[in-house]
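In what follows, a single structure is set out as structure tokens and then discussed.
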Amino acid sequence: MQTSRRGFIGGVSAAALLSGSVAYAQKKYDNGASDTEIKLGHAGPYSGPASAYGVIGKGIEAYWKSVNDAGGINGRKVNFITYDDGYNPAKCVEVVRQLVEQDKVLCCFNTLGTPSNTAIQKYMNTKKVPQLYVATGASKWGKPKEFPWTMGYQPDYHTEGVIYAKHILANIKEAKVGILMQNDDFGKDYLEGFKEGLGKDNQKLIVKLSTYEVTDPTVESQIIQLKDSGANVFFNIATPKFAAQAIRKAAEIDWKPAQYMTNVSASVAAVLKPAGFENAQGIITAAYLKDPTDKKWDNDEEMKTWRAWMDKWMPGANKGDANYVYAYSVAFLMHQTLKNCGSELTHANVMKQAASFNKLRVPLLLPGITVSTSATDFYPIQSVQLERFKGESWELFGEIMSAESA
């Protein structure tokens, strides 16, 4: 994977040099921006099989309210327009067209889901409207040559899959791996990374692959199949509802493999509590954000600031749900991007600023993890740390691992 950092973007035109600072003071706007307003579009699953993620949109909405309350961004208020797409790619296409063509947003921000973002990627790039910091870790969001208007946010699934495979090879003797996989681009990206991490000679360690569709009511029969395969390692590639079902069912049928679960389902409140804490002991995942249920962060300044913010802007919301931490962190990055645009609020400048971060500290990322992007590097975060579930929260272990070292 290419991870070249810090490509110098742009350059200063002769005209700008000649006219001194005047060029920088001139206002330039595309659709969605004016002297008083910045329009941001968003689509997310407030209903449907992935509705556990609906809180992300709610968290982002609260973030922009708090920004507007403090005076906005460079004097402009953020108008955050969010629609429910039910985690349905066809519905996502419909609402994103509305955002771009009717609402005329400056950019679409943190639209959720690999299938949904895949469905709109070509459209957004044809329209040259930024599809920024999407809420999915598929590796396809980091391809600036093919898709210069699309950028991811979180560590990519492929790299995460590689890291789990390497950990299994190093720590589990005579591993026989059973995999539950959501049958779409999200699941396949993790699987490809996992296979790459195992290496060609070790792919035979996968003894069973069971898939499910997001429209399936349960994954119970798949878990029974995995146990029957004799697998002693379980790689759970599922979104929250199904991840929780899988953990619970494995315990019910007394299947006790070493369990690895993707970061997207690591929420204690949305997944592990419904699955039963007693059933989740020892599960390993990869983290890049501080977990609000980990007492390690109780006196951490960033966590204290976030908790106070939650109390004020989202009273009554579950502070144990890591999706709110995610929402706050990604909204902070979008906030910095727009701030750096100054008064040149064009589609092109939004992308230019998004691709110009060098080791930016984003609140609530794990210590040692920062955001770096360039004209050739559209993967903002490329580091994770493994953690293990113990008691009622996650415990970090080992070193920070990056795409380069994976």
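The values are calculated or read from the model by the stated rules, or taken from the named source; none is laboratory data. This is a predicted model, so every value here is computed, not measured. We place every Cβ from the backbone using ideal geometry, glycine too, and count neighbours over all the protein chains shown. Side chains are part of the model used for accessible areas, which takes the heavy atoms of the whole protein and leaves out ligands, DNA and RNA. Shrake-Rupley method; radii C 1.70, N 1.55, O 1.52, S 1.80 Å.
Worth pointing out:
- Being at pLDDT 95 or above and surrounded by fewer than 24 Cβ atoms within 10 Å (Cβ to Cβ) is a description that does not apply to Thr337.
- The one condition from (1) within 20 Å of the chain's Cα centre (by Cα); (2) in a helix (DSSP H, G or I); (3) buried (at least 18 other Cβ atoms within 10 Å of the Cβ) that Cys108 does not meet is (2).
- Condition broken by Tyr123, with the remaining ones in (1) open to solvent by less than 10 Å² (accessible area, probe 1.4 Å); (2) closer than 19 Å to Ile81 by Cβ satisfied: (1)
- Pairing each residue of region 351-376 that is closer than 18 Å to Ala322 by Cα with any residue that is of a type in the set (Lys, Arg), provided the two are 6+ apart or on different chains, yields C-beta distances under 7 Å for Leu364/Lys290; Leu366/Lys290.
- Between Ser66, Ser47, Ser139, the distinction of being open to solvent by 10 Å² or more (accessible area, probe 1.4 Å), within 15 Å of the chain's Cα centre (by Cα), of a type outside the set (D, E, K, R) and not assigned by TED's automatic domain parsing to the domain that holds Gly193 belongs to Ser139 only.
- Filter pass, Ala246 being in contact (Cβ under 8 Å) with a residue 40 or more places away in the chain, in a helix (DSSP H, G or I) and open to solvent by less than 40 Å² (accessible area, probe 1.4 Å): yes
- Matching residues, region 359-390, being under 23 Å from Ala165 (Cα atoms), in contact with a Pro (Cβ under 6 Å, 6 or more places away or on another chain) and not in a loop (DSSP other than H, G, I, E, B): Val384
- Residue in region 49-57 that is in contact (Cβ under 8 Å) with a residue 24 or more places away in the chain and either of a type in the set (Lys, Arg) or on the phi > 0 side of the Ramachandran plot (or both) present: no
- Scanning region 341-367 for residues that are farther than 14 Å from Asp30 by Cα and either aliphatic (A, V, I, L, M) or touching a strand residue (DSSP E or B) at 6+ places or on another chain (Cβ under 7 Å) (or both) gives Ala354, Ala355, Phe357, Leu360, Val362, Leu364, Leu365, Leu366.
- Whether a residue is part of a strand (DSSP E or B), within 26 Å of Ser343 (Cα to Cα) and modelled with pLDDT of 95 or more was assessed, and Lys77 passes this test.
- Tally, over region 194-214, of residues that are part of a helix (DSSP H, G or I), out of contact with any strand residue (DSSP E or B) (no Cβ under 7 Å at 6 or more places or on another chain) and either under 16 Å from Gln182 (Cβ atoms) or open to solvent by 40 Å² or more (accessible area, probe 1.4 Å) (or both): 7
- Within region 215-238, being touching a Pro at 6+ places or on another chain (Cβ under 9 Å), in a helix (DSSP H, G or I) and open to solvent by 10 Å² or more (accessible area, probe 1.4 Å) holds for one residue alone: Lys227.
- Residue check for Lys227: touching a helix residue (DSSP H, G or I) at 6+ places or on another chain (Cβ under 8 Å), under 13 Å from Val177 (Cα atoms) and not hydrophobic (A, V, I, L, M, F, W, C): yes
- Of the criteria (1) modelled with pLDDT under 95; (2) of a type in the set (D, E, K, R); (3) touching a Lys or Arg at 6+ places or on another chain (Cβ under 8 Å), which one Glu220 fails: (1)
- Consider region 69-92 and keep the residues that are more than 17 Å from Tyr133 (Cβ to Cβ) and among the aromatic types (Phe, Trp, Tyr). The one that is most open to solvent (accessible area, probe 1.4 Å) is Tyr83.
- Residues located in region 249-265, provided they are in contact (Cβ under 8 Å) with a residue 24 or more places away in the chain, within 19 Å of Tyr164 (Cα to Cα) and open to solvent by 10 Å² or more (accessible area, probe 1.4 Å): Pro257, Ala258, Gln259, Asn263, Val264
- Of all residues in region 266-286 being of a type in the set (S, T, N, Q) and outside any strand (DSSP E or B), the one that is most open to solvent (accessible area, probe 1.4 Å): Gln281
- Flag if Asp321 is touching a residue at least 60 places away in the same chain (Cβ under 8 Å), of a type in the set (Asp, Glu), open to solvent by 10 Å² or more (accessible area, probe 1.4 Å) and not assigned by TED's automatic domain parsing to the domain that holds Glu146: no
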